[in-house]
Amino acid sequence: MQIKIITDKFEFKAILDESQTAKAIYDSLPIKAKGFRWGGEIYFSIPIHVDYENPKEIVNKGDLAFWPQGDAFCIFFGKTPASLEKEIRPASAVNVFGRIEGSLDNLDLVKDGETISVERD
């Protein structure tokens, strides 16, 4: 499953895995929401809830994850305020369900409060 994430100035392509989380999110698309920054993370609330499925406390650069505690879609591209050393640590455990394909450079240019759309590709 492929999706695109569209911000005010940029578009990112992503590949989703075969998890139940990925399927639930893909089935709910398109989504449009106000995105927020938390260090090297962009997150936004989405209108679905999925319970924990193989939760991760540490993620990789480019990972897409769902945060069950806040029903939020998360894009990780760098250290967060919770990170120790060089790790990328969410606020609490997340379900990783996919990853951005290609360059992540422009993710750091996405501003707090920007509208973000997620669509099937």
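Bear in mind that the values in this text are calculations on the coordinates, not laboratory data. Predicted, not measured: the structure shown is a model, and the values here were computed from it. All Cβ positions, glycine included, derive from the backbone under ideal geometry; neighbour counts span all protein chains shown.
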Length gained when the stretch THR115-SER28 is fully extended (0.36 nm per residue, less Cα-Cα span): 29.6 nm
Net charge near ASN95 (other residues with Cβ under 11 Å of its Cβ; Lys, Arg +1; Asp, Glu -1) is -3
Modelled label reach - LYS61, point 7 Å along Cα→Cβ, region 69-103 residues with backbone N closer than 14 Å: 76-80, 86-89, 100-103
I'm spelling it out carefully: the read-out is Rg and Dmax of the Cα atoms in Å, the candidates are (i) 15.8, 51; (ii) 12.8, 36; (iii) 13.9, 42, and one was derived from this structure. Which label? (ii)
Full-stretch length increase - ARG37, ALA82 - with 0.36 nm per residue and alpha-carbon distance subtracted: 14.9 nm
